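So the structure is just underneath, and the comments pick up after that.
The values are calculated or read from the model by the stated rules, or taken from the named source; none is laboratory data. Note that this is a predicted model, so its numbers are computed, not measured. Glycine also receives a Cβ, built like all others from the backbone with ideal geometry; neighbour counts cover every protein chain displayed. All accessible areas refer to the heavy atoms of the entire protein, side chains included, with ligands and DNA or RNA removed. Shrake-Rupley method; radii C 1.70, N 1.55, O 1.52, S 1.80 Å.
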Amino acid sequence: MVLPLEDRIALHELIATYNHAVDHHEAEAYAATFTPDGALVANGEERARGTVALTEYIAKRRRTGEPRLRHWVNNILIDGEGDRARLKAYVMAFNIGPGLEAPYVMGEYEDDAVKIDGAWRFETRRMTVVAGGSLTGR
C-alpha cells in the first residue's frame, strides 16, 4: 500500500525542516525532527543518538560557527506503509563563506521515518558522502 499524499507531503516537510534547522544551527528544531531515541549516522559512523546528543551536535556547530552551509536535497524517493517509511534522496551542500565555490559535499540520504502522534520523525538518518570535503575530513 502506498502512503497517502498527505503523508508524502509531511515527509517532504520533515526533510526541509531538518535542512533549515541544520543550516541555521537551530539545535532544538533539528533534534525535534528525530524520534526521542533517533540517530544520525554519517559514513557508517553514529554521530549522535537521542534528543540530548542531537541537540548538542548542532549546538556545538553553532558555537564554533562552522561550517556555514546551505543544503539542497532532491530526487526524493518515499516507500512506506502505515506509520513507517523508508526515504532515499541525494544531497548537496554549499559552504556560504565568501565567494561561491564548488559544492562542499555531495551525498545520499537513506532514512527510516516513523509517524508518532500524527507527526513524522526520523528514526535513523543515514548520510553517505560520495564526493566533497567531508569525504577527506576537510
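Summary table
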read-out: Check on Ala21, out of contact with any strand residue (DSSP E or B) (no Cβ under 7 Å at 6 or more places or on another chain), over 15 Å from Met127 (Cα atoms) and either touching a residue at least 40 places away in the same chain (Cβ under 8 Å) or crowded, with 18+ Cβ neighbours inside 10 Å (or both); value: yes
read-out: Residue within region 6-13 that is within 21 Å of Leu69 (Cβ to Cβ) and buried (at least 17 other Cβ atoms within 10 Å of the Cβ) present; value: no
read-out: Region 64-107, subset hydroxyl-bearing (Ser, Thr, Tyr) and touching a strand residue (DSSP E or B) at 6+ places or on another chain (Cβ under 6 Å), residue farthest from Leu3 (Cα to Cα); value: Tyr104
read-out: Subset of region 47-82 [under 17 Å from Ala21 (Cα atoms), open to solvent by less than 70 Å² (accessible area, probe 1.4 Å) and not in a helix (DSSP H, G or I)]; value: Ala48, Gly50, Gly65, Pro67, Leu69, Arg70, His71, Val73
read-out: Tally of residues being in contact with a helix residue (DSSP H, G or I) (Cβ under 8 Å, 6 or more places away or on another chain) and buried (at least 17 other Cβ atoms within 10 Å of the Cβ) across region 111-120; value: 3
read-out: Hits in region 22-64 - residues which are closer than 19 Å to Ile76 by Cα and in contact with a helix residue (DSSP H, G or I) (Cβ under 6 Å, 6 or more places away or on another chain); value: Val22, Thr33, Phe34
read-out: Any hit, region 122-133, residues being among the hydrophobic types (A, V, I, L, M, F, W, C), touching a helix residue (DSSP H, G or I) at 6+ places or on another chain (Cβ under 8 Å) and farther than 16 Å from Ile15 by Cα; value: yes
read-out: Residue ID - farthest from Ile15 (Cα to Cα), chosen from residues in region 83-101 that are open to solvent by 70 Å² or more (accessible area, probe 1.4 Å) and without any contact (Cβ under 8 Å) to a residue 12 or more places away in the chain; value: Pro98
read-out: Among residues of region 24-34, those that are outside any loop (DSSP other than H, G, I, E, B) and surrounded by 17 or more Cβ atoms within 10 Å (Cβ to Cβ), counted; value: 4
read-out: Pair list, Cβ under 6 Å, 6 or more apart: region 53-68 residue more than 21 Å from Gly99 (Cα to Cα), other residue surrounded by 13 or more Cβ atoms within 10 Å (Cβ to Cβ) and of a type in the set (Gly, Ala, Ser); value: Leu54/Ala31; Leu54/Ala48; Thr55/Ala27; Thr55/Ala31; Tyr57/Ala48; Ile58/Ala27; Ala59/Ala27
